[in-house]
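Here is the structure we will look at.
The values are calculated or read from the model by the stated rules, or taken from the named source; none is laboratory data. Since the structure is predicted, the reported quantities are computational estimates derived from the model, not experimental observations. Please note: Cβ atoms are built from the backbone with ideal geometry, for glycine as well, and neighbour counts cover all protein chains shown.
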Amino acid sequence: MKLRFALAATTAMAVMTGTASADTMKIGITQNNVGVDSYQTTYEKAFIAAAEANDAVEAVVLDAGGDVARQIAQMEDLIQQEVDAIIIWPTNGEAVIPAVRKAHQADIPVIVTNSNIAEPGFDFVASFSGPDNITQGSRSAEIMCDKFKEMGIEDEAQIVQISGQPGYTTAIERAKGFEDRLPEVCPNVTLMETQPGDWNREKSQQVMEAFLVKYDDIDGVYAGDDNMGVGALNAAKAAGRDGIIFVGATNFAVGYEAMAAGDYWGSIYQSPVDDAEAALQTALDVLNGKEVPFLNYFDTPKITQDNMDEFSKPVF
Amino acid sequence: MATLTKQQIGSILAKQGILIAFALFMIAFALGNPKFLTVDNLFSVVRSSAILGVMALGVTFVVISGNLDLSVGSMMSFSTIVVLDLHDKIGPFLAIPAMFLMTLALGGLIGFLVGYLKLNSLIVTLGMLSAIHGLTLTYSGGQNMDIADKEGTWFSVFGQGTALGIPVPILIFAGLAALLGLVLAKTPFGRKVYAVGGNGTAATFSGIRRARTVFTCYLMSAGCVATAGLIQASRSLGSQNTVGQGLELEVLAAVILGGASLLGGSGTVFKTVIGVLILGFIQNGLLLIGLQFYVQFVVTWVIIILAVWLDVAAKRGKLWSPIA
């Protein structure tokens, strides 16, 4: 397998032209912002490892650094280079659509990874590979409901929700999945209020402090990810309020540790390694002419204090 | 007590317009939810405002000296990440002074560029906002930073401890506000800061070393940021790289809300504290009333505009000014 990195895409491209032989598939990936968080850093490493392990793949690994304009330029470079398929982790779900369309018109299949682009662009996308935020939210509702049943409080429990940044699809979907599923499994549990924690532990701690003042009885907290869940946990600890069940929608290392300490009940396990491998596999399946569903989700299982020893601690 | 003449009342109103606005909001929120005025809630709001507040104290000096500091948000992320990382590597005793030195070095660099090289502070600190963010990311490799042994460290005292029943962050904020308030109001250095911001040329001709005064203001601001980072790190014993993102604008809003002029030369530490508290209580009050959060953004802005209006109206003794 041959692998090249290109930081300044255009200059590096020239070097690589012509290295692909007939039997290898040349797959280009333009990522969102490697290095900004551990998830994306691990994703990139896992993608490179998966590509290296496969002799039929030649990968061109690019990173947009969170910059939409740079990502569009990288898309154009990959089209120029006539790669066989492009994987994109969108910096912005709307702004990249024209670039995706251009690739589609050049007969290069585009696979969107991790977070989907906006709906007007769906026609130009071969497949989306990533986690299903709605399922994550609804599984969180099941985790919380199961715990309440175990405690025997499924008929009176009152909970609050701390959601992600307002306006973000991930935040909206994780909230929706939870809010839709909860009344199906635990119809008598009351969701008293939802406020955003902006994916930020400190903000979430402040929101929880206000909840604790406002509500004398809180049995559970659902957070859009463990970072916010642990922020809420810190607030409850500081106020001396015990016995609250904390459930997050994505497991982070801090959440895993808090679960090990017995303070935090459960979350959803989303592995950046699975995410990266699923993206590459989806691209290969598309190129090999296999039938791939448009929304090709990888599995994100439930993790709680009961089964956490089956999972390794998240790297992020 | 002697009766106050109408004129005296007028002059008190003119000086304390922002306090009146503050009192009005407190009453309104208390009517909205009786739990707003409980001791627990008041403590919790002031405690979470302490981080923003400590940063605002330093920025008050910078603004009065006629400059801006937009880098304090990412600088706070930097100090938080650095002190958390060093905590596990060299222990809290060394980590805290090391973090202060690094943050002061950043403040010194800004002070040098703005003070001695006379570069525009908006551009310098806007650039530093993203440069320091990059520095933080490079330092941490993008990873969240967490203290390994969260139960066993005394480091949590700055953010979670209490003394005499009062949370430590509040004591730090109050102590620093008192100290810096005195420095600004009662020392020759304080008068130089007003002079440099009010009329730089005149200050130079009166023998004030302008560059040095500006430089010192940025150092003080960096010191405040480091203190805020310390509280932040100690409060949650772990942090994202973006923990201070966006705080620079909230800090500036608090300082301006307190009545400091963006053009320099006016403002006091006490009023900045009021500005900080107004922002903190608005956020908390809206949460307790339970307003839908998309609406909160709008309402927050409306309240800030109301506060500024009340302040201005009190100064001129009229609600509006029909001429010009």
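Would you mind finding the one in A:A95, A:A103, A:A99 that is over 19 Å from the mean Cα position of the chain (by Cα) and over 17 Å from A:A126 (Cβ atoms)? Spell out the reasoning first.
Values: A:A103 fails: over 17 Å from A:A126 (Cβ atoms); A:A99 fails: over 17 Å from A:A126 (Cβ atoms).
The unique qualifying residue is A:A95.
The requirement of being more than 14 Å from chain A (Cβ to nearest Cβ), buried (at least 22 other Cβ atoms within 10 Å of the Cβ) and in contact (Cβ under 8 Å) with a residue 12 or more places away in the chain is satisfied by B:I278. For segment B:243-264, the tally of residues that are buried (at least 19 other Cβ atoms within 10 Å of the Cβ) and assigned to a loop (DSSP other than H, G, I, E, B) stands at 6. Return yes when B:Y218 is within 19 Å of B:F270 (Cβ to Cβ), within 22 Å of the chain's Cα centre (by Cα) and in a helix (DSSP H, G or I) and no when it is not. No. Every listed requirement among (1) over 30 Å from A:A260 (Cβ atoms); (2) surrounded by fewer than 16 Cβ atoms within 10 Å (Cβ to Cβ); (3) within 14 Å of another protein chain (Cβ to nearest Cβ) is met by B:G127 save one, (3).
Just to be sure, is B:V59 part of a helix (DSSP H, G or I) and either within 23 Å of B:A313 (Cβ to Cβ) or more than 14 Å from chain A (Cβ to nearest Cβ) (or both)? For B:V59, the condition - part of a helix (DSSP H, G or I) and either within 23 Å of B:A313 (Cβ to Cβ) or more than 14 Å from chain A (Cβ to nearest Cβ) (or both) - is met. A single member of B:L288, B:L263 is within 14 Å of chain A (Cβ to nearest Cβ) and in contact with a Gly (Cβ under 8 Å, 6 or more places away or on another chain), and it is B:L288. Cβ separations smaller than 9 Å between residues 6+ apart or across chains give the following pairs from segment B:31-43 residues that are more than 10 Å from chain A (Cβ to nearest Cβ) to residues that are β-branched (V, I, T): B:G32/B:I289.
Out of the residues in segment A:302-316 that are away from every other protein chain (no Cβ under 14 Å) and touching a helix residue (DSSP H, G or I) at 6+ places or on another chain (Cβ under 7 Å), state the one that is farthest from A:E142 (Cα to Cα). Please lay out each step first, then the result.
Taking segment A:302-316 as the starting set, the residues that turn out to be away from every other protein chain (no Cβ under 14 Å) are A:302-312.
Now narrow it down to the ones that are touching a helix residue (DSSP H, G or I) at 6+ places or on another chain (Cβ under 7 Å): A:302, A:304-305, A:308.
Details: A:K302: 9, A:T304: 11, A:Q305: 15, A:M308: 16 Å.
So the residue we want is A:M308.
Summed over segment B:95-144, the residues that are of a type outside the set (G, A, S) and outside any helix (DSSP H, G or I) give a count of 6.
Only one of A:E82, A:E58 is part of a loop (DSSP other than H, G, I, E, B), away from chain B (no Cβ under 14 Å) and farther than 28 Å from A:T250 by Cβ. Can you tell me which? Testing whether each residue is part of a loop (DSSP other than H, G, I, E, B), away from chain B (no Cβ under 14 Å) and farther than 28 Å from A:T250 by Cβ leaves just A:E82. A:Q165 falls short on exactly one of the conditions (1) buried (at least 17 other Cβ atoms within 10 Å of the Cβ); (2) modelled with pLDDT under 95; (3) in contact with a helix residue (DSSP H, G or I) (Cβ under 6 Å, 6 or more places away or on another chain), and that condition is (1).
Residue count for segment A:85-115 satisfying the condition of being outside any loop (DSSP other than H, G, I, E, B) and touching a residue at least 40 places away in the same chain (Cβ under 8 Å): 6.
Residues in segment B:221-242 that are away from chain A (no Cβ under 12 Å) and surrounded by fewer than 24 Cβ atoms within 10 Å (Cβ to Cβ): how many? Within segment B:221-242, residues that are away from chain A (no Cβ under 12 Å) and surrounded by fewer than 24 Cβ atoms within 10 Å (Cβ to Cβ) number 1. The set of residues in segment B:160-190 being free of Cβ contacts under 8 Å to residues at least 24 places away in the same chain and among the polar types (S, T, N, Q) consists of B:T162, B:T187. Within segment B:144-156, residues that are within 12 Å of chain A (Cβ to nearest Cβ) reach partners that are part of a helix (DSSP H, G or I) and surrounded by fewer than 19 Cβ atoms within 10 Å (Cβ to Cβ) with beta carbons closer than 6 Å, at six or more positions or on different chains, in the pairs B:A148/B:D88. Cβ-Cβ distances below 6 Å connect the following pairs, each with a first residue in segment B:197-212 that is surrounded by fewer than 17 Cβ atoms within 10 Å (Cβ to Cβ), a second residue that is part of a helix (DSSP H, G or I) and among the basic types (K, R), and a separation of six or more residues or different chains: B:T204/B:R210.
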